[in-house]
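Here is the structure we will look at, set down as structure tokens.
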Amino acid sequence: MNVLETKNAPGAIGPYSQGYAANGFVYTSGQIPVDPASGEVPAGIAAQTEQSCRNVGAILEAAGTGFD
């Protein structure tokens, strides 16, 4: 099992990791809509949803994969 960690997504707040890769699967923690560069939450549900998805994408990228 590989622990995933990237500065391109918000750091884990609790006693867990951003994600794990094991046996061909990637498991990510729940992501909040925080921009890791600024620490800010964008206004509006659409922008927050997009930021949360970017954060998940950054964790997938750290695992060597993506949404495709």
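List of remarks:
- Residue match in segment 37-50 (condition: at pLDDT 95 or above, within 10 Å of the chain's Cα centre (by Cα) and not polar (S, T, N, Q)): no
- All positions within segment 1-51 that are part of a loop (DSSP other than H, G, I, E, B) and in contact (Cβ under 8 Å) with a residue 60 or more places away in the chain: none
- Among the residues making up segment 18-30, those that are of a type in the set (Gly, Ala, Ser) and surrounded by fewer than 17 Cβ atoms within 10 Å (Cβ to Cβ) are ALA22, GLY24, GLY30.
- The set of residues from segment 52-66 being in a helix (DSSP H, G or I), open to solvent by 20 Å² or more (accessible area, probe 1.4 Å) and in contact with a strand residue (DSSP E or B) (Cβ under 9 Å, 6 or more places away or on another chain) comprises VAL56, LEU60, ALA62.
- Test for VAL26: is it more than 19 Å from THR65 (Cβ to Cβ), under 12 Å from the mean Cα position of the chain (by Cα) and at pLDDT 95 or above: no
The values are calculated or read from the model by the stated rules, or taken from the named source; none is laboratory data. Here the structure is a predicted model, which is why all the values come from computation and not from measurement. Methodologically, a virtual Cβ is constructed for each residue, glycine included, from the backbone with ideal geometry; neighbour enumeration extends over all protein chains shown. Heavy atoms of the whole protein, side chains included, go into the accessibility calculation; ligands, DNA and RNA do not. Shrake-Rupley method; radii C 1.70, N 1.55, O 1.52, S 1.80 Å.
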